[in-house]
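Student: Shown below is the structure under consideration.
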Amino acid sequence: MDDITVYAYADGPLGEMLLTGRLSAGGRAVLRSLSLPEQKGAVVVGDGWVRDQGAFDGVVRQLAEYFGGRRERFDVELDAGAGTEFQRRVWAALEEIPYGTTVSYGEIGRRVGTGGAGVRAVGTAIGRNPLLVVRPCHRVIGADGSLRGYAAGPARKRSLLGLEGALA
């Protein structure tokens, strides 16, 4: 089952989201990506992929709870095989940013040990986050408080931060 990619769609206030993954032994999806419409680098359905809406029921439910203001953290199995070792360190740092708060790219750099010179590399790693919304890269902002660098666009970043009460 590991070699078959499954996918499903979920509606939300940011548009129709594409969820992709593989099936676990129990038939539930191990989430590999969550893409938003018109996102830079968005995943597209590939040949041989299988649509399995039911495999993503838990993820879809948690997304609805999040967008409804009833969930602050996601509890889904993520595909740990994606990305480089550095990207995985950055992505792990994203998962530690509390709901309703923001941190700067420089702070993420400090957390992963790159210092000031590594801010660009941190930004690139964040930009390659395949799990928008679930892995909260929208909580990373510029040192000056600007809402920069979101693959799905600044309006969606503002919307997510507004939902979480993180905007002044």
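Student: Taking all protein chains as present, what is the carbon and sulfur share of the accessible area of the chain, in % to the nearest whole number, probe 1.4 Å?
Tutor: Carbon and sulfur: 50 percent of the exposed surface of the chain.
Student: On to the next question. Please work out the Cα convex hull volume for segment 96-163 and give it in Å³ per residue.
Tutor: 79
Student: Taking 2.2 N^0.38 Å as the expected size of a compact globular protein, what ratio does the Cα radius of gyration of segment 18-84 give against it, to two decimals?
Tutor: Normalised by 2.2 N^0.38 Å, the Cα Rg of segment 18-84 equals 1.16.
Student: Might you tell me the accessible area per residue for the chain, computed with a 1.4 Å probe and given in Å²?
Tutor: Normalised by residue count, the accessible surface of the chain is 49 Å².
Student: For the chain, what log10 I(q)/I(0) values come out of the Debye formula at q = 0.09, 0.10, 0.18 1/Å, with one point per alpha carbon and no solvent?
Tutor: -0.29, -0.36, -1.16
The values are calculated or read from the model by the stated rules, or taken from the named source; none is laboratory data. Quick caveat: nothing in here was measured; it's all calculated off a predicted structure. Please note that ligands, DNA and RNA were not included when accessible areas were found on the heavy atoms of the full protein model with its side chains. Shrake-Rupley method; radii C 1.70, N 1.55, O 1.52, S 1.80 Å.
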